[in-house]
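Peer 1: For reference, the structure I am asking about is given below.
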Amino acid sequence: MTTFLFDGDDTAPVTILLAHGAGASMDSPSMTATAKALAAAGFQVARFEFHYMAARRYGQRKPPPRAETVNPEYIKAIADLRARGVTGKLIIGGKSMGGRVASMVADEMFAKGEISGLLCLGYPFHPPGKPDQLRTKHLIGLKTPTLIFQGTRDEFGTRDEVAGYGLSDAIEVIWLEDGDHDLKPRKSISGFSAADHLKTLAETVKVWMVQPSTSSSSGQARG
């Protein structure tokens, strides 16, 4: 059974399931702050770890596997979350690699009516310094309503680069000024704090959830 960390009210009408990035655990400061911000906006948030990351808690230093190899673990986490009695609308996603894995299983889950949308926090469009190694092929025809939050300083995909990717109309990319891959800005330069960006993120997700495409579980892409 998948182990979850919960934030927010367990009677919330929408639950957001989040997986971590390649190098940091589900209870990293960045993941915790994001979960708290989403919970404050009225969501229930559930975080979980892939097996390789969970093993690090017991002294096994396993490197991150290829993202697609953990797709079954994400699908199992959805089933385990439901088995715990979590009902209502479900948004899946995660930080960096976690969001990428969620994006690879999203259409299958959306078509089955299991999820209502996808939330990616700092999507790794390409490895830093390797703009030709794109991880976007499955995003071109994606049908699941999707929000991607990306910092304008993110080395895994800049605003100019992402503009040329031809992403699905179901995807909306929200740019956070001066944010890095953790969406954190430099306050002395941008005037924004990490808390400011997380509040914007949470409020944007809240508004997005009442739009027609995510308020039902039909297989229609957002225009």
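The values are calculated or read from the model by the stated rules, or taken from the named source; none is laboratory data. What you are looking at is a predicted structure, and each value in this text was computed from that prediction instead of being measured. Glycine also receives a Cβ, built like all others from the backbone with ideal geometry; neighbour counts cover every protein chain displayed. Remember, those area values only see protein heavy atoms, side chains included, never the ligands or the DNA or RNA. Shrake-Rupley method; radii C 1.70, N 1.55, O 1.52, S 1.80 Å.
Peer 1: Taking the residues in the range 16-62 that are outside any loop (DSSP other than H, G, I, E, B) and free of Cβ contacts under 8 Å to residues at least 24 places away in the same chain as candidates, determine which candidate is most open to solvent (accessible area, probe 1.4 Å).
Peer 2: Our first condition is that a residue be outside any loop (DSSP other than H, G, I, E, B); within the range 16-62, this holds for 16-19, 29-40, 44-48, 51-56.
If we keep only those that are free of Cβ contacts under 8 Å to residues at least 24 places away in the same chain as well, we get 29, 32, 51-52, 55.
Values: 29: 107, 32: 40, 51: 124, 52: 14, 55: 12 Å².
Result: 51.
Peer 1: Please work out if residue 206 is open to solvent by 80 Å² or more (accessible area, probe 1.4 Å), touching a residue at least 40 places away in the same chain (Cβ under 8 Å), within 25 Å of residue 39 (Cβ to Cβ) and not in a loop (DSSP other than H, G, I, E, B).
Peer 2: On the way: open to solvent by 80 Å² or more (accessible area, probe 1.4 Å): yes; touching a residue at least 40 places away in the same chain (Cβ under 8 Å): yes; within 25 Å of residue 39 (Cβ to Cβ): yes; not in a loop (DSSP other than H, G, I, E, B): yes.
Spelling it out, residue 206 is indeed open to solvent by 80 Å² or more (accessible area, probe 1.4 Å), touching a residue at least 40 places away in the same chain (Cβ under 8 Å), within 25 Å of residue 39 (Cβ to Cβ) and not in a loop (DSSP other than H, G, I, E, B).
Peer 1: Next question, about the same structure. Give me a count of the residues in the range 114-156 that are in contact (Cβ under 8 Å) with a residue 40 or more places away in the chain, open to solvent by 10 Å² or more (accessible area, probe 1.4 Å) and within 24 Å of residue 187 (Cβ to Cβ).
Peer 2: Qualifying residue count, the range 114-156: 1.
Peer 1: Related question: Output yes when any residue across the range 158-171 is among the acidic types (Asp, Glu), touching a helix residue (DSSP H, G or I) at 6+ places or on another chain (Cβ under 9 Å) and touching a residue at least 12 places away in the same chain (Cβ under 8 Å), and no when none is.
Peer 2: Here is the first cut: in the range 158-171, the ones among the acidic types (Asp, Glu) are 160-161, 169.
So of that shortlist, the ones also touching a helix residue (DSSP H, G or I) at 6+ places or on another chain (Cβ under 9 Å) come out as none.
No, the conditions are met nowhere in the range 158-171.
Peer 1: With the requirement that a residue be crowded, with 17+ Cβ neighbours inside 10 Å and aliphatic (A, V, I, L, M), what does the range 169-193 give you?
Peer 2: Answer for the range 169-193, where residues must be crowded, with 17+ Cβ neighbours inside 10 Å and aliphatic (A, V, I, L, M): 170, 171, 173, 176, 183.
Peer 1: How many residues, within the range 103-152, are within 18 Å of residue 21 (Cβ to Cβ), touching a Pro at 6+ places or on another chain (Cβ under 8 Å) and assigned to a loop (DSSP other than H, G, I, E, B)?
Peer 2: 2
Peer 1: Specify which of the listed residues (52, 74) is modelled with pLDDT of 95 or more and in contact with a Lys or Arg (Cβ under 8 Å, 6 or more places away or on another chain). Steps first, please.
Peer 2: Numbers: 74 fails: in contact with a Lys or Arg (Cβ under 8 Å, 6 or more places away or on another chain).
Criteria check complete, one pass: 52.
Peer 1: If you don't mind, there's one more thing I want to ask. Please determine, by comparing only the residues of the range 97-131 that are among the small types (Gly, Ala, Ser) and out of contact with any Leu (no Cβ under 9 Å at 6 or more places or on another chain), which one is nearest to residue 15 (Cα to Cα). Full working, then the answer.
Peer 2: Initially, the range 97-131 is screened for residues among the small types (Gly, Ala, Ser), giving 98-99, 102-103, 106, 111, 113, 116-117, 122, 129.
From what's left, out of contact with any Leu (no Cβ under 9 Å at 6 or more places or on another chain): 111, 113, 129.
On the way: 111: 18, 113: 14, 129: 35 Å.
Ranking the qualifying residues of the range 97-131, first place goes to 113.
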